[in-house]
Amino acid sequence: MDVLIVGAGPTGLTLAIDLVRRGVDALVVERAEGLFPGSRGKGIQPRTQEVFDDLGVLGAIRAAGGPYPAMMIWKNGERQGEQRMFDAVPADGENPYTEPLMVAQWRTQEVLYARLTELGGRVAFGHEVTGLTQDAEGVTVEFADGTALGARYVVAADGGRSAVRRALGVGMTGKTVDPAPFLVADVTVRGLDRNHWHVFPTGEGTAVTLCPLAGTDVFQLSARCAEGSAPEPVLDGVRELVGAATHLAAEDVTELRWASGFRPRAALADRFRVGRVLLAGDAAHVHSPAGGQGLNTSVQDAYNLGWKLGAVLRGGTPEALLDTYEEERRANAAAVLDLSTGVHRGEVRRGRATVQLGLGYPESSLSVDTRGTGGETTEVRAGDRAPDGTVDGVRLFDAFRGPHWTLLGAAGALPGVRTLPAAPDSYGPGVFLVRPDGYVGWAGTGTEGLRAYAARTGALVAP
């Protein structure tokens with residue numbers, strides 16, 4: 001087996017889809033007997049929508065959810081007026097997706113799982129990891145039932161309490177974001193419209209919110225509770241909370257489908273790679289849920305790692321390429337952790353800062369721009385996300401879709417690489433080589449140095 005992925009959450013499923021479409025033999029193993037049942041990470045940011053477009057699931061994701069509603073503030077059983085959670089970010093030809101989608105995490109995972117099985121991928125449920133060993137050739141993963149599996153590489157996508165990370169002895173450096181206890185739950189409720197995200201302030205910074213989850217008949221309850229007042233995550237506890245904090249009666253909560261208590265914290269793994277084992281998603285970074293950054297950052301981890309593993313395993317690219325995963329994603333995760341913490345504390349507005357379209361890898365060793373540091377500040381540079389646009393009637397995102405590299409502006413320079421005759425004017429002058437994950441890897445005024453870069457990164461080898 002090429003890659004064993006531990007964890008069937010959004011991270012593991014996204015990575016498996018990307019690997020399977022590259023012809024990589026990958027298996028996902030999951031401790032639970034089925035997919036995660038709760039809403040938890042419900043925001044799909046625009047950058048993640050671009051990833052899902054490439055992976056062939058955006059249509060299904062859109063059908064599974066919908067837009068965020070306005071917030072309705074309540075006091076003493078009376079509506080106090082609407083508020084918008086997000087600052088609007090206008091869409092244009094370069095950024096076709098600018099508004100976050102609301103999709104319950106369990107529905108996102110169902111869509112990804114369906115896509116994986118459609119491509120011939122597999123998930124083995126009921127496999128709890130208890131340990132692992134590795135050598136220069138591969139990794140052996142041990143399970144609670146006494147069995148074991150071997151793979152050339154292992155990816156830990158098994159959450160914030162990652163068994164794989166603990167087995168590796170990798171530490172997490174973190175801090176408390178908010179000392180208050182929180183409760184999140186999926187409930188069915190009588191007496192509230194589904195056109196608003198209902199907010200019930202309860203005093204001294206505490207509140208209960210009930211958000212209708214798009215595409216379902218469920219509300220997501222979220223509560224910031226005073227110390228010592230957080231209810232048990234059971235139906236009676238949730239009913240008591242709703243009855244005390246809102247104008248609804250306790251019995252208006254008719255069903256509890258899932259619940260979890262937590263205290264928001266931010267933490268970053270000390271390493272994202274140990275030999276042939278790599279950490280991704282919550283196993284590598286834990287976020288406050290504010291701003292909808294955690295799931296999205298995790299999907300970006302998988303999208304960054306997939307093409308690199310594919311290049312090494314199927315393209316014969318030197319294994320050193322995998323070092324750039326930690327180089328790029330750990331710095332990115334650290335920045336997003338600061339952002340999500342700022343959103344949680346009210347220091348950063350949701351909007352342009354949280355849609356993740358501006359995240360990139362300008363300092364990466366894979367980002368090579370031979371045009372120097374001059375030019376217009378608006379031009380696209382190596383390490384930037386490659387914007388959408390049109391060249392000779394071809395939409396760039398259509399040209400990028402798939403596991404390949406794309407060259408803009410130098411026909412014939414890289415045999416076997418998809419090429420368009422130019423980049424849109426919005427890119428600025430130059431030749432641009434776009435990575436499989438939609439970032440500009442190399443840029444120059446001509447093609448000098450392009451072929452050497454392509455050989456080093458696997459762009460010359462068919463995926």
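The values are calculated or read from the model by the stated rules, or taken from the named source; none is laboratory data. Computed from a prediction, not measured in an experiment: that's the story for all the values here. Cβ atoms come from the backbone with ideal geometry, glycine included; neighbour counts cover every protein chain shown. Heads up: the accessible areas ignore ligands, DNA and RNA and are worked out on the full protein's heavy atoms, side chains in. Shrake-Rupley method; radii C 1.70, N 1.55, O 1.52, S 1.80 Å.
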- Query: Does anything in the stretch 10-29 have its amide N under 19 Å from the 7 Å Cα→Cβ label point of GLU128, and if so which residues?
  - Reply: 29
- For ASP338 and ASP425, extending 7 Å from Cα along the Cα-Cβ vector and measuring point to point gives, in nm, a value of 3.7 nm
- Report, in whole Å, the centroid distance computed from the Cα atoms of the stretch 10-32 and the stretch 149-194. 19 Å
- Message: What is the sum of charges, Lys and Arg at +1 and Asp and Glu at -1, for the other residues whose Cβ falls under 15 Å from the Cβ of GLN83?
- Response: +3
- Can you pull the one-decimal nm distance between simple spin-label points at ALA411 and ALA114, each 7 Å off the Cα toward Cβ? 4.1 nm
- Averaged per residue, the 1.4 Å probe accessible area of the stretch 194-306, protein heavy atoms only, in Å², is roughly 36 Å²
- Item | Diffusion constant of the stretch 408-463 at 20 °C, which comes from Stokes-Einstein with the Kirkwood Cα-pair radius and 1.002 mPa s, µm²/s | 188 µm²/s
- Task: Report the full-extension gain for the segment LYS175 to GLU99: residue separation times 0.36 nm, less the Cα-Cα distance, to one decimal in nm.
- Result: 24.4 nm
- Item | DSSP loop GluC sites (Glu not before Pro) with at most 12 other Cβ within 10 Å excluded, longest remaining stretch of the chain | 228-346
- Note on the structure: Counting Lys and Arg as +1 and Asp and Glu as -1 over every other residue whose Cβ sits under 10 Å from the Cβ of LEU313, the net charge comes to +1
- Task: Return the whole-Å distance between the Cα centroid of the stretch 55-90 and the Cα centroid of the stretch 253-315.
- Result: 24 Å
- Query: Taking a ≥ b ≥ c as the square roots of the eigenvalues of the Cα gyration tensor of the stretch 186-342, is the shape rounded (a/c under 1.5), prolate (a/b larger than b/c) or oblate?
  - Reply: prolate
- Query: What do you get for Rg/Rh over the stretch 36-190 if you use C-alpha atoms and the Kirkwood form of Rh?
  - Reply: 1.05
- Message: Just to confirm my numbers, what's the Cα centroid distance between the stretch 196-237 and the stretch 386-414 in Å?
- Response: 46 Å
- Report the FRET efficiency, 1/(1 + (r/R0)^6), for GLU33 and ARG263, where r is their Cβ-Cβ distance and R0 is 35 Å, rounded to 0.05. 0.80
- Message: What does the charge count around VAL242 come to, taking other residues whose C-beta lies under 10 Å from its C-beta (Lys +1, Arg +1, Asp -1, Glu -1)?
- Response: -2
- Item | the stretch 7-161, accessible area per residue, ligands and nucleic acids excluded (1.4 Å, Å²) | 42 Å²
- Ignoring ligands, DNA and RNA, what accessible area per residue does the stretch 350-463 give at 1.4 Å, in Å²? 43 Å²
- The ³J(HN,Hα) series, computed from each phi in the stretch 274-285 with the Karplus coefficients 6.51, -1.76 and 1.60 at θ = phi - 60°, rounded to the nearest Hz and given as x for glycine or proline, is 10, x, 9, 10, 10, 9, 8, x, 5, 5, 10, 7
- Query: Charges only on Cβ, +1 for Lys and Arg, -1 for Asp and Glu: so what's the dipole of the stretch 1-129 about the Cα centre, in debye to the nearest 20?
  - Reply: 380 debye
- Percent carbon-and-sulfur accessible area, the chain, ignoring ligands, DNA and RNA, probe 1.4 Å: 49 percent
- When the helix-only estimate is applied to the chain (DSSP H runs of n ≥ 4, each -39,500 (n - 2.57), divided by the residue count), what is the mean residue ellipticity at 222 nm, nearest 500 deg cm²/dmol? -7500 deg cm²/dmol
